[in-house]
Amino acid sequence: MQRQPGWGKEFGLVDEDTILEWSVRIRYKAFELGGNFSILLFFTEDESPIPEDPHDRYDLFLLPNYIGSFNTFINPESDECANCQEHANDIQYGFVHINKHILNKPYGGSLDPTRVVPLLTNRLTWRIFKGDATRVDPTTSFPSLIIDVIATPLTQNYPAFPHAEEPTVYEGITHGKPGGSRDSQ
């Protein structure tokens, strides 16, 4: 495989055929908020802060530091759904892949953990909204929510799809933030 000049460990390659895929991992109980919700992810910056109470939450999608979202479609009548009740305490998972945002020049342009972990620790943040646009405080309204960051080595298996290795969980990145990891490692 022909690589761009300068690609290597600095860029985030583990070896010649393996790269790290950085993702925000979201764990939650689906019916805890009583319906649909969205988690909008951002890289915070002093020059472009995130409004605490935007006039229209859709304006947040247009901010230059918006990096992605996780959206759900949940039965709002879960108390009348036998299957919903049976799975009410199941933990659900969602992922937002963020490599292209990490590689953006203002953020450093490297997938190497020694550069990505400080970047995400200092800049990754989020806002949570119910389907009716009500802002959610995860510390009081969404106790099951845990947002953390994982890096999954992907090894190219030509000509097949890449093979995913066991991810490394970077819990310390979101520790102490509302809805973040409960562990500081």
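The values are calculated or read from the model by the stated rules, or taken from the named source; none is laboratory data. Everything numeric in this text was worked out from a predicted model, so none of it was measured. All Cβ positions, glycine included, derive from the backbone under ideal geometry; neighbour counts span all protein chains shown. SASA here: full protein model, heavy atoms, side chains in, ligands and nucleic acids out. Shrake-Rupley method; radii C 1.70, N 1.55, O 1.52, S 1.80 Å.
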What spacing in nm lies between the two simple spin-label points modelled at residue 104 and residue 29, each 7 Å away from Cα in the Cβ direction? 3.5 nm
Search the structure for amide H atoms under 5 Å from the amide H of residue 124, placed 1.01 Å from N in the peptide plane, and list their residues when 5 or more places away or on another chain. 44
Under the definition of Cα pairs under 8 Å and six or more residues apart, what whole-number percent is the relative contact order of the range 85-185? 19 percent
State the percentage of accessible surface on the range 140-185 attributable to carbon and sulfur atoms; use a 1.4 Å probe and exclude ligands, DNA and RNA. 56 percent
At most 13 other Cβ atoms within 10 Å and a DSSP loop assignment: could you name the chymotrypsin sites (Phe, Trp or Tyr not before Pro) in the range 68-153 that fit? 73
Rounded to the nearest 0.05, what FRET efficiency do residue 61 and residue 163 give with R0 = 41 Å and r taken as the Cβ-Cβ distance? Could you check? 0.75
How many nm separate the modelled label positions at residue 16 and residue 121, each set 7 Å beyond the Cα in the direction of the Cβ? 3.4 nm
What distance in nm separates the simple spin-label points at residue 156 and residue 80, each placed 7 Å from Cα in the Cβ direction? 5.4 nm
Backbone N within the range 148-167 under 18 Å of label point (7 Å from residue 91 Cα along the Cβ vector): 148-152, 166-167
